[in-house]
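Q: Take a look at this one; I'll ask things after.
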Amino acid sequence: MRQGIHPNYTEVTVVCNCGNKFVTRSTLQQDELHVEICAKCHPFYTGKQKLIDTAGRIEKFKNKYATEGTIEDKKQAGEDKKQAGEDKKQAGKDKKQADEGKKQADEGKKQADE
């Protein structure tokens, strides 16, 4: 090993924000190393890790791939949606026809008044 090119490898006391202290070796030129999180307070190692459901991803997945109901139920639900859309279109057409009939009646009254 060449002399003078390697850093000193000394003992360092690691101090966590939770208060835990332990000794390790490092090339750091200080006696203490301050860290924010250690094995005693990290959620992964303590078993207190929580799964965070951001934006309802788990619920979306469950709804999308739910096995509740049979294929026939899903087909029926699709047909019901289609029928509801057609009913809505028909209601719009009926309203349009009623409006046109009203216009014609108004025009007929105007012509009769003249």
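Q: Can you figure out the FRET efficiency of ARG57 with HIS34, using R₀ = 35 Å and their beta-carbon distance, to the nearest 0.05? Intermediate values should be presented prior to the final figure.
A: On the way: r = 36 Å, r/R0 = 1.03.
Calculated value: 0.45.
Q: How much of PHE22 can a 1.4 Å solvent probe reach, expressed as accessible area in Å² and rounded to 10?
A: Per-residue accessible area (PHE22): approximately 90 Å².
Q: By how many nm would the segment from PHE22 to CYS41 lengthen if fully extended, with 0.36 nm per residue of separation less the alpha-carbon distance?
A: Details: separation 19, 0.36 × 19 = 6.84 nm, distance 1.34 nm.
Separation in residues times 0.36 nm, less the Cα-Cα distance, equals 5.5 nm.
Q: What nm value, rounded to one decimal, do you get for the distance between VAL14 and GLN111 when each label is placed 7 Å out toward the C-beta?
A: Distance between the two pseudo-spin positions: 9.6 nm.
The values are calculated or read from the model by the stated rules, or taken from the named source; none is laboratory data. Not measured: the values here are computed from a predicted model. For neighbour counting, all protein chains shown are included, and Cβ atoms are generated from backbone atoms with ideal geometry for every residue, glycine included. Each accessible area value is taken on the protein alone, full model and side chains, heavy atoms only, with ligands, DNA and RNA left out. Shrake-Rupley method; radii C 1.70, N 1.55, O 1.52, S 1.80 Å.
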